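The values are calculated or read from the model by the stated rules, or taken from the named source; none is laboratory data. What you are looking at is a predicted structure, and each value in this text was computed from that prediction instead of being measured. Because the Cβ atoms are built from the backbone with ideal geometry, glycine has one as well, and the counts that use them run over all protein chains shown. Surface areas here come from the heavy atoms of the whole protein model, side chains and all, with no ligands, DNA or RNA. Shrake-Rupley method; radii C 1.70, N 1.55, O 1.52, S 1.80 Å.
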Amino acid sequence: MTTSISRRQLQLDFKRRTLLKILILLLCSSLRTLQVEAQGGSWELLVENAGIASMHTMVTHYGNVIFLDRTNIGASQINLAPGTPCRENPDEQILLKDCTAHTVEFTPGPNTIRPLFIFTDTWCSSGQFGPDGTMTQTGGDADGLMKIRTFTPCADGTCNWVEQSTQQLQEGRWYASNQILPDGTQIVVGGRSVFSYEFIPNVNKSPPVFLPLLNETNDDHNDNYYPFVHLLPTGNLMIFANQDSIIYDYKTDNVVRILPRLEGTPRNYPSAGSSVLLPLTAEDGYTKSEILICGGAQFNGFGDPQRPAANDCGRIDVGDPASDWTKETMPFARNMGDMILLPNLHTLIINGAQTGSQGWGFADNPALSPVQYDPTAAPGSRFTTMNPTTIPRMYHSTANLLPDGRILVAGSNTHQYYDFTGPYPTELRVEAFSPEYLNAANGVRRPNITAAPESIGYGQTFTVTVAITGGAPAGTVKLLMCSAPYTTHSYSQGQRQLNLAVTAPMAAGDGTTYTIMGTSPPTAEIAPPSYYMLFALNDGIPSTAVWVKIA
């Protein structure tokens with residue numbers, strides 16, 4: 001009997017040890033998977049309190065950053081500058097006399113905050129930088145519905161918003177999208193229950209033009225706000241709303257092509273996917289025009305914070321008349337993600353939530369980990385999950401590329417007004433995410449632009465000098481031009497990246513300095529006139545950018 005019990009005991013012990021080994025192996029495997037899935041990138045808290053939760057963010061060609069929120073929320077957390085008159089508005093719903101700022105200028109480096117002044121309501125407005133670097137900002141709510149505002153950046157810290165008194169929008173536009181055009185004007189598309197577009201400045205005094213796509217995509221939850229608008233190298237526009245899109249010739253009011261439906265979930269506000277025009281490259285004559293749209297919310301996610309977000313992306317080459325959408329699966333579901341064209345030719349998806357949709361309190365389960373997408377990798381291996389933040393960035397958050405290659409992350413307010421209670425309080429902290437190309441170990445391969453032109457024309461050859469402390473470049477050093485978009489509601493209006501034609505780097509004789517001949521884009525359809533960040537890219541490691549004006 002004793003022997004029998006001992007055998008059974010040994011068998012049980014063996015099974016227990018075997019099971020324990022399996023569990024340990026599974027745990028180690030999971031840990032290895034986590035290490036693989038969350039690799040690269042670091043976070044830095046820049047400002048503990050910016051004074052406002054930025055709903056709209058834009059980087060000027062001086063490198064300063066404009067944060068902009070609503071004006072009808074009552075007091076912010078930063079006072080107006082001394083000597084600035086308080087904002088007194090008899091129609092204001094919360095605070096009739098408001099001595100706080102609702103827009104500020106942030107300066108990276110010293111990380112300083114300068115309060116600015118704006119009067120009319122900029123809630124869910126739109127904008128774009130023009131040829132001279134001036135931000136033209138349009139629409140909003142209430143007294144801002146038809147307003148046009150401008151901000152001309154300056155080096156001395158004295159510039160401020162100007163609200164135009166001699167021109168305004170022809171139709172009130174709330175949740176519209178802007179895109180700069182080859183002639184330097186802007187097209188303003190859509191808005192809440194507005195199914196048209198118009199131009200600013202409206203030099204020809206033309207009336208708004210009805211766009212049937214916007215009317216046809218206006219479902220019960222209005223999933224066509226903030227339509228995705230991309231200027232193509234042909235000069236036509238790709239306009240996407242809800243799940244449908246067209247190639248549109250705005251010059252003749254002609255639909256060139258009705259694109260296939262992107263099946264799945266709605267993608268525009270409030271379902272909150274995001275969209276980019278992938279980098280245009282001189283290698284194919286800037287002819288390949290690929291659109292990438294990622295994430296979104298389930299139809300009716302607007303009323304259910306726990307409903308899973310979309311976990312897929314759609315990609316299409318709209319330059320191919322026979323193209324259709326190709327689906328890809330993200331590492332995890334996401335809505336309200338911001339998509340940023342990185343200066344290593346990848347796309348970053350950052351911010352957002354894994355359930356629900358845009359709206360006050362309509363999302364949960366924040367997506368804390370950025371995801372990097374390599375468009376040239378093999379299907380199934382294009383996504384890499386990066387190291388997470390600890391700060392949820394959901395409704396009304398923003399992310400913008402800085403000239404030093406970091407990603408500036410600001411905002412997040414899941415409440416109608418400023419509310420610092422609950423699991424997702426109004427967020428005033430500002431962070432920077434540094435992709436892995438900024439790791440210190442990559443410093444010897446990182447190029448440093450020591451000379452470059454301040455302005456270039458179209459189709460012009462120009463010289464850039466770079467220093468690389470680690471020795472000879474690893475093959476060709478690329479030159480990239482990146483626009484500075486207007487970022488709001490998970491969509492960066494006017495975002496654009498150009499991979500220029502270049503010659504092989506020529507050594508200058510000291511072993512670290514090289515000259516590169518680049519050729520600028522041939523037309524304004526490929527690169528609308530404006531300021532761009534010019535990056536040098538060596539072996540996947542980008543330089544700090546210099547600003548160049550193309551005109």
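Put simply, region 179-320 fits an ellipsoid with semi-axes of 26, 20, 12 Å; these come from the alpha carbon gyration tensor as the roots of five times its eigenvalues, largest first. The heavy atoms of MET336 present about 0 square angstrom of accessible area, all protein chains included, probe 1.4 Å.
Ellipticity at 222 nm from helices only: DSSP H runs of n ≥ 4 in the chain, each -39500 (n - 2.57), divided by the residue count, give -2500 deg cm²/dmol.
Region 219-251 and region 525-551 have Cα centres spaced 26 Å apart.
When only Cα pairs below 8 angstrom with a gap of at least 6 residues are kept, the chain shows a relative contact order of 14 percent. Were the residues from THR150 through SER381 laid out at 0.36 nm apart, the gain over their Cα-Cα distance would be 78.8 nm. The modelled label-to-label distance between THR515 and ALA451, using points 7 Å beyond Cα along the C-beta direction, is 0.7 nm. A Förster distance of 45 Å, applied to the separation of the beta-carbon atoms of ASP304 and VAL209, puts the FRET efficiency at 0.80. Rounded to the nearest 20 debye, the dipole magnitude of region 289-427 is 220 debye, with +1 charges on Lys and Arg beta carbons, -1 on Asp and Glu beta carbons, and the Cα centre as origin.
Excluding same-chain neighbours fewer than eight residues apart, the aspartates and glutamates reachable from LYS205 by a Cα-Cα span under 18 Å are GLU171, ASP183, ASP253. Across region 324-381, C-alpha contacts under 8 Å between residues 6 or more apart give a mean separation that, scaled by the residue count, equals a relative contact order of 31 percent. The orientation-averaged projection of the convex hull spanning the C-alpha atoms of region 476-551 amounts to 5.9 square nanometres. Extension gain, ALA75 to THR326: 0.36 nm times the residue separation minus the Cα-Cα distance gives 85.7 nm. Of the whole protein surface, ILE73 contributes about 10 Å² of accessible area at a 1.4 Å probe radius.
At the listed q of 0.11, 0.21 Å⁻¹, the Debye profile of region 407-551, built from one uniform point per Cα, gives log10 I(q)/I(0) equal to -0.53, -1.25. Measure up LYS251/LYS327; LYS147/LYS288; LYS251/LYS288 against 30 Å on the Cα-Cα distance and list the ones that go over. Pairs exceeding 30 Å: LYS251/LYS327; LYS147/LYS288. Each Lys and Arg Cβ is given +1 and each Asp and Glu Cβ -1; about its Cα centre, region 296-339 then shows a dipole of about 200 debye.
If R0 is 25 Å, what FRET efficiency do you get for ALA551 and ALA507 from their C-beta distance, rounded to 0.05?
Efficiency computed from Cβ-Cβ geometry: 0.20.
In region 286-348, a dipole from Cβ-located charges (positive for Lys and Arg, negative for Asp and Glu) runs towards its positive end, and of LEU341, CYS294, PRO305 it is PRO305 whose Cα lies farthest in that direction.
Using a simple spin-label model with pseudo-atoms 7 Å out from Cα toward Cβ, ASP253 and ASP143 lie 3.5 nm apart.
Projecting the Cα atoms of PRO453, ASN439, PRO473 onto the charge dipole of region 378-482 (Cβ charges, centred on the Cα centre) puts PRO473 farthest toward the positive pole. Kirkwood Rh over Cα pairs of region 105-223 into Stokes-Einstein at 20 °C, 1.002 mPa s: D in µm²/s? Rounded to a whole number, D works out at 139 µm²/s. With contacts taken as Cα pairs under 8 Å and at least 6 residues apart, region 129-260 reaches a relative contact order of 14 percent.
Computed over the chain, the P(r) curve from all C-alpha pair distances, binned at 10 Å from the origin, holds 4, 18, 29, 26, 14, 5, 2, 2, 1, 0, 0 percent per bin. Note on region 234-304: Cα-Cα pairs beyond 22 Å make up 34% of the total pair count.
The orientation-averaged projection of the convex hull spanning the C-alpha atoms of region 102-152 amounts to 4.0 square nanometres. By the gyration tensor of its Cα atoms, with a ≥ b ≥ c the square roots of the eigenvalues, what is the shape of region 55-159: rounded for a/c under 1.5, prolate for a/b over b/c, or oblate? It comes out oblate by the Cα gyration axes. Kirkwood radius and radius of gyration were both taken over the C-alpha atoms of region 252-373, and their ratio Rg/Rh is 1.02.
Using alpha carbons only, how many angstrom separate the centre of region 327-369 from the centre of region 100-145? Here the two parts' Cα centres lie 24 Å apart. Relative to its Kirkwood radius, the Cα radius of gyration of region 372-424 gives an Rg/Rh of 1.11.
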